[in-house]
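So the structure is just underneath, and the comments pick up after that.
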Amino acid sequence: MEPTPLQRALAEAPEKTRPQAPRPEEEFFIFKLGALTLAIVSKHIREVSRLAPLTPLPRTPSFLLGVVGNRGQVMPVIDLLRFLQQGESKPMPGGRLFVGESNGLLVAFLADHVIGLRRIFVADKLPPPAGGGPAAEFLDGLVQHRELGSLSLLDLPKVLQAARASVVRR
Amino acid sequence: MSDEVVETVEIVLFDIAGTRYGADMTQVRRIGRHDDADSVGAPLGTPLEGRRAIIFASSGHHEVALLIDGVLGVHTVSRGELRRLPLAAGPSPYIIGAWLDRDQAVLLVDLFATNPFRPEASHA
């Protein structure tokens, strides 16, 4: 008797599941700011907090909004929209901020809305657009996320380094 | 110079255009009017009214005035409430730190460093 398709398939079936090569992934902290949805590798994020009363610093670049007291520590606050030349945020008392860290520098950043942590496959990263303006310089890439749409992956160490250099130059 | 650890300091709190600042009381000679002495300009921003002034003078120099909007009082602040300015906030010749008044950072000013008439300033 001719074997059925099922019998033929079973005859060729493997003894056990073949292990699949793991797809490397990274965890990102994702937030919205203006029209942008930005993602930063989560190891650079220390905490998410509420914006305490902001004290402006005289004679500093416009992206450095001032300093706040955050759990007993004085911390500079940066507006990424101004830094990336994408407009400007309006800091609201009690608004969201998150604290980023790189090379010993701790800086707070404004966020309109914190989405949270997501794991992203490294292979899904696309290069930042060529000629994408001043912001592209600080992007590590783009990802088309099924749930969140287009994510811009921000290179936080590069942002902090450039911000620090800009403040020192003045 | 004394090696004694300073546990508390008296700071004069003042307001310029809605922002509070503090300065070491020992640097302040008196609170005066805007026309009492040469002005150091507006190193901390332009006051809204600027009719009042903190008058100070480093040793051997003439009195100068930092124009302000008002004096908010003198506070005794413990060392534990004082913070150096974080690196990422950048260096400033006259903002030397902050007093954490609960969760608000009040910037602390070295008045002498704001004086453009001091000899060191002319060499800078």
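From the list A:Leu154, A:Leu80, the one residue that fits, being under 12 Å from the mean Cα position of the chain (by Cα), more than 10 Å from chain B (Cβ to nearest Cβ) and farther than 25 Å from B:Leu107 by Cα, is A:Leu154.
Within region A:57-68, is even one residue aromatic (Phe, Trp, Tyr) and part of a strand (DSSP E or B)? No, region A:57-68 has no match at all.
Per-residue answers, yes or no, for (1) within 24 Å of B:Gly45 (Cα to Cα); (2) in contact with a Cys (Cβ under 6 Å, 6 or more places away or on another chain); (3) modelled with pLDDT of 90 or more:
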site	(1), (2), (3)
A:Met75	yes, no, yes
A:Gly87	yes, no, yes
A:Pro91	yes, no, no
A:Phe98	no, no, yes
A:Glu101	no, no, yes
A:Leu110	yes, no, yes
A:Lys125	no, no, yes
A:Gly133	no, no, no
A:Leu139	no, no, yes
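In region B:83-98, the residues that are under 15 Å from B:Pro43 (Cβ atoms) reach residues that are assigned to a helix (DSSP H, G or I) and at pLDDT 90 or above with C-beta atoms within less than 6 angstrom, at least six apart or across chains, in these pairs: B:Pro93/B:Ala113; B:Tyr94/B:Ala113; B:Tyr94/B:Thr114.
Within the option set B:Leu107, B:Leu48, being of a type outside the set (Val, Ile, Thr) and closer than 30 Å to A:Glu101 by Cβ holds for one residue only, B:Leu107. Taken as a whole, region A:109-122 holds at least one residue that is on the phi < 0 side of the Ramachandran plot, part of a strand (DSSP E or B), within 14 Å of chain B (Cβ to nearest Cβ) and surrounded by 12 or more Cβ atoms within 10 Å (Cβ to Cβ).
Of the set (1) open to solvent by less than 60 Å² (accessible area, probe 1.4 Å); (2) within 13 Å of another protein chain (Cβ to nearest Cβ); (3) touching a Pro at 6+ places or on another chain (Cβ under 7 Å), all apply to A:Val168 but (1). Only one of the listed residues (A:Leu154, A:Leu142) is open to solvent by less than 60 Å² (accessible area, probe 1.4 Å) and over 23 Å from A:Glu47 (Cα atoms). That residue is A:Leu142. For region A:72-97, taking the residues that are open to solvent by 20 Å² or more (accessible area, probe 1.4 Å) and either among the polar types (S, T, N, Q) or part of a strand (DSSP E or B) (or both), the one that is nearest to A:Glu27 (Cα to Cα) is identified as A:Arg96.
Here A:Ala13 fulfils each of the conditions (1) in contact (Cβ under 8 Å) with a residue 40 or more places away in the chain; (2) more than 26 Å from A:Ser166 (Cα to Cα); (3) not β-branched (Val, Ile, Thr) apart from (1). Assess whether B:His34 counts as being at pLDDT 90 or above and not basic (Lys, Arg). No: the conditions fail for B:His34. How many residues, within region A:52-71, are at the interface with chain B (Cβ under 7 Å from one of its Cβ atoms), without any contact (Cβ under 8 Å) to a residue 60 or more places away in the chain and either aliphatic (A, V, I, L, M) or open to solvent by less than 50 Å² (accessible area, probe 1.4 Å) (or both)? So the count comes out to 7.
The values are calculated or read from the model by the stated rules, or taken from the named source; none is laboratory data. Please read all numbers here as calculations on a predicted model, not as lab measurements. Glycine gets a Cβ as well: all are built from the backbone with ideal geometry, and neighbour counts include every protein chain shown. Calculation scope for accessible area: heavy atoms of the full protein, side chains included, ligands and nucleic acids excluded. Shrake-Rupley method; radii C 1.70, N 1.55, O 1.52, S 1.80 Å.
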